[in-house]
1. Counting partner chain Cβ atoms within 10 Å of every residue's Cβ in C:96-102, what's the average?
2. With a point put 7 Å past each Cα toward its Cβ, work out how far C:E44 is from D:T41 in nm, to one decimal.
3. Label 7 Å along Cα→Cβ of D:N96; the range D:50-67 residues with amide nitrogen under 20 Å?
4. Using the Cα centre as the reference, give the magnitude of the dipole from point charges on the C-beta atoms of chain D (Lys, Arg: +1; Asp, Glu: -1; all else neutral), rounded to the nearest 20 debye.
5. So for the pair D:K85, B:E2, with labels modelled 7 Å out along Cα→Cβ, what separation do we get in nm?
6. Suppose every Lys and Arg Cβ carries +1 and every Asp and Glu Cβ carries -1, with no other charges. What dipole size does the range B:23-88 come out with about its Cα centre, to the nearest 20 debye?
7. Within 10 Å, count the other beta carbons around each residue, average over each peptide in A:86-96, D:49-59, and list them highest first.
8. For chain C, what is the accessible area per residue in Å², given a 1.4 Å probe and the full set of protein chains?
There are 4 protein chains.
Amino acid sequence: MEHLGKKTWVIAEGYIPAYGNGPQPQFTSHETACILNTGKTTAEVEIYIFFAGRGPAGPYKVQVKGERTLHLRFNDLSHPEVIPKDTDYSSVIKSNVPIVVQHTRLDSRQAENALLSTIAYSE
Amino acid sequence: MEHLGKKTWVIAEGYIPAYGNGPQPQFTSHETACILNTGKTTAEVEIYIFFAGRGPAGPYKVQVKGERTLHLRFNDLSHPEVIPKDTDYSSVIKSNVPIVVQHTRLDSRQAENALLSTIAYSE
Amino acid sequence: MEHLGKKTWVIAEGYIPAYGNGPQPQFTSHETACILNTGKTTAEVEIYIFFAGRGPAGPYKVQVKGERTLHLRFNDLSHPEVIPKDTDYSSVIKSNVPIVVQHTRLDSRQAENALLSTIAYSE
Amino acid sequence: MEHLGKKTWVIAEGYIPAYGNGPQPQFTSHETACILNTGKTTAEVEIYIFFAGRGPAGPYKVQVKGERTLHLRFNDLSHPEVIPKDTDYSSVIKSNVPIVVQHTRLDSRQAENALLSTIAYSE
């Protein structure tokens with residue numbers, strides 16, 4: 001398929017809860033950027049994390065192969081540094097080809113889980 | 001009414017929980033694409049499903065009649081193949097006339113349900 | 001302030017749960033269109049409801065005064081007809097001046113409430 | 001990084017629940033505007049609050065430093081006046097440089113929390 005989407009995406013809301021309840025890993029509290037690459041070419045993606053009280057971290061580099069989706073858990077990013085839990089952050093996602101990004105969180109700190117999701121801002 | 005919307009929509013987030021709780025079918029865990037056709041002409045809609053570890057599935061073909069809405073459960077898509085549960089996916093929805101698409105999930109795996117919804121990405 | 005927004009908005013997802021739990025009216029299951037009119041002029045708003053199995057209802061007419069917000073519960077619309085509960089629908093909201101519309105649902109059918117919200121589609 | 005985003009943002013939905021449950025301050029019911037400033041220059045931000053039954057309040061003035069994020073709780077705004085709880089409102093956020101705004105609510109009135117989030121409307 002053709003490359004749908006944009007090359008720059010922004011998720012202003014970011015927060016990884018410090019703990020969770022329920023069977024692992026499905027009910028681990030997590031923050032996800034769902035990245036879809038509808039085209040044939042591999043997407044070279046760079047992620048930058050912005051904080052309230054210090055300068056940005058990154059770039060974190062990930063690849064999304066052609067005609068594949070990647071549901072990336074921010075919890076799993078470790079290089080150049082782990083994203084601290086229970087801390088406000090935002091993220092910018094840049095790609096060399098158009099992609100589509102959607103933001104989702106599962107918060108399982110309490111007995112029953114809570115969900116949020118929104119399309120990211122693109123330009 | 002005139003045809004409002006766009007012809008191409010993308011939902012980067014997709015996940016059908018493997019199980020649920022509560023009275024059926026309202027509380028079955030499900031993933032929905034709400035498709036509105038505001039115009040007089042029937043919309044011929046094709047859906048493509050993208051995965052993390054294999055090539056895309058589809059097209060799934062559905063019709064939305066003029067001036068009607070279709071709340072399509074991905075759980076119900078069966079031809080050319082069923083969408084596996086507990087598996088990350090994304091979807092692209094193409095129509096021959098402008099439509100509007102919104103994405104909603106009811107997650108009823110725990111005792112209390114959780115909801116998410118967002119407008120899809122369009123171009 | 002100047003009139004911010006657009007004159008046509010679409011909410012593809014619509015569903016009023018048939019029952020609820022908790023103190024009334026805050027925890028009544030409801031579906032809301034939050035309409036903001038940032039300008040000085042009163043907004044004359046018309047709402048059309050689309051269904052899966054019959055033609056559209058409306059227009060429902062509401063006014064939003066200048067520099068005021070209206071959190072309109074679809075449950076409260078009664079003229080020209082009540083919107084049935086436990087039924088899929090979509091809505092189109094048209095205004096004579098630019099407005100901004102956001103869609104929110106409180107689902108209180110179970111012991112714990114669930115929330116969803118998204119900006120509507122505009123053009 | 002360059003300044004990503006827009007200078008005017010609108011959140012049509014606004015409501016601070018009157019009470020909450022769970023450990024403070026993480027589980028205090030709250031309404032948040034997550035504001036990201038990806039550029040080098042400090043963003044001078046003005047927030048206006050619109051109500052159903054009276055004229056707007058504000059401007060509330062906040063700064064977001066260069067390459068920083070601010071997860072602003074509407075609960076914390078006090079000058080020129082506190083935003084009343086259990087009251088419908090909307091907000092307009094204006095900045096002298098482009099920013100990105102996302103809207104999130106944690107509702108902890110019941111035993112289990114509920115979450116909503118959406119990208120704001122921008123122009």
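1. The shielding value for this peptide is 4.
2. Output for this residue pair reads 4.2 nm.
3. What the label zone holds, given the 20 Å backbone N cut-off, is D:58-67.
4. My answer is approximately 260 debye.
5. That separation, rounded to one decimal, is 4.6 nm.
6. It works out to roughly 200 debye.
7. Those peptides, ordered most packed to least, come out A:86-96, D:49-59.
8. Counting only protein heavy atoms, the per-residue value for chain C is 35 Å².
The values are calculated or read from the model by the stated rules, or taken from the named source; none is laboratory data. Worth saying up front: this structure is predicted, and the values here are computed from it rather than measured. Neighbour counts are summed over all protein chains in view; Cβ atoms, including those assigned to glycine, are modelled from backbone coordinates with ideal geometry. In case anyone asks, the SASA skips ligands and DNA or RNA and just uses the protein heavy atoms, side chains included. Shrake-Rupley method; radii C 1.70, N 1.55, O 1.52, S 1.80 Å.
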